[in-house]
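Rule-based calculations on the coordinates, nothing more; no lab input. Since we're looking at a predicted model, the values are computed, not measured. Neighbour counts run over all protein chains shown; Cβ positions are idealised from the backbone, glycine included.
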């Protein structure tokens, strides 16, 4: 069906009004995204206006303390699965074969074909070449498909992968340092029998490798991260933290027990290599937060100050300045309590381990809501539902306080592809004022967890209008794939992010 853009995007009410034409939509509109190329077609260099993205634009000062929410046009669906593609579009997948491509800057839509089965409650992650692996899917509640497919943004098409060992409903996908993708967990049947066999998808051969020595019953959608030693850590919702060695037939090792119980529909973010924040979740929902540092000789969970409100079904988002934004959720008991939505955003500062309450959105973000960082520094917040028939197609943008603190530093000359340990020189007229350079992986978000999100703070040296930046030395610190490179000045204001492909090979897309 055709989607009509019904409203203009108000980026900053007193500064910038970007209107979009009726150019998008469904099967009667665009059918393919623009080419997949690093900077050339990435959001940081698009000709479409971005907030504060050119000419030293400054957001109005009214949001300097608490940030600002603005409404986007309604989405054609209420998304459950959301993937930020290297071409700047967001892949939206909802219930019962509903899907679309969204350009959050141009405010337009395009058709996203179906792989031929229901992707609802699958797991998903970005492969090193920018394609997206979807694992599992929906037969009925708690009954998962064994199907898997790979989406290619360049051709807007799907390629089947071999079936997995059994069905998976609510599995997690984690991109590994060697470019393969780990798939774990997922319910197989209405008795909630979990798929206990971890499997590794190998893109080079379009095949699966079974970790037969590492079979374990994990909760649905476990929160998995690549640790600095290359193993994959499971931090929740289970109270027991373990690492999985994916070599050979696999093996699990105990790490520690968490302090605040089972955290289903909580959220977690690796805010520095090996350092993880876990917050909220549970029933009744928790406000508590805890952190772990996997770099320590004997890692253990440590309680830090809680959020101002208990939350469940919320999402954590890494920001270019290194802080962690939490949005959405409900504070009421039960699986999905619509009577107690938490509308305010909260910001966690790793330097002080404290929270700051920010501005409130206007749409309840409950079960199936999501949030993700865009290359222009805003956070797109979408989805949510009171029930399967009472959903929220409304989308919002949250502009964090850093967008109101002065002109944005310029960033140019970023190569489309970069290698591990490589030093690259980029251009910025504000080079002398840059205080931090960050690299943030593109997002794949569902059910309160971003399966791809991670951040690296990069060493750099400033010259006359240039910065010499050193990329991460190891794929354990930043698995291969597409990232956004940001410059952050002494006021905490980020540049528009430039999309780069880290660890590219000769046959990589770009």
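Determine, for each peptide in 247-259, 109-121, the mean count of other beta carbons within 10 angstrom over its residues, then list the peptides with the highest first.
109-121, 247-259
Placing R0 at 25 angstrom, the Cβ-Cβ distance between residue 335 and residue 178 gives a FRET efficiency of 0.10 after rounding to 0.05. Here the chain carries DSSP beta bridges of which approximately 100% are antiparallel, counting only pairs with both residues inside.
Of interest is the spacing of the C-alpha centroids, which for region 170-217 and region 102-125 amounts to 22 Å. Which of these values of semi-axes √(5λ) of the Cα gyration tensor in Å was calculated from the structure shown: (i) 36, 29, 21; (ii) 30, 26, 24; (iii) 32, 28, 19? The value computed from this structure is option (ii). As a rough guide to protection, the peptides 458-469, 169-180, 364-375, 325-336 ranked by mean Cβ packing within 10 Å, highest first, stand as 364-375, 169-180, 325-336, 458-469. Inter-label distance, residue 297 to residue 64: 4.7 nm, where each label sits 7 Å from its Cα along the C-beta direction.
Centre-to-centre separation between the Cα atoms of region 450-486 and those of region 274-322: 23 Å. Counted residue by residue at 0.36 nm each, then reduced by the alpha carbon distance between them, the extension gain from residue 464 to residue 362 reaches 32.3 nm. In terms of the mean number of neighbouring beta-carbon atoms within 10 Å, the peptides 193-199, 75-81 order highest first as 75-81, 193-199.
Taking 25 Å as R0, compute the FRET efficiency from the Cβ-Cβ separation of residue 254 and residue 193 and round it to 0.05. Calculated transfer efficiency: 0.60.
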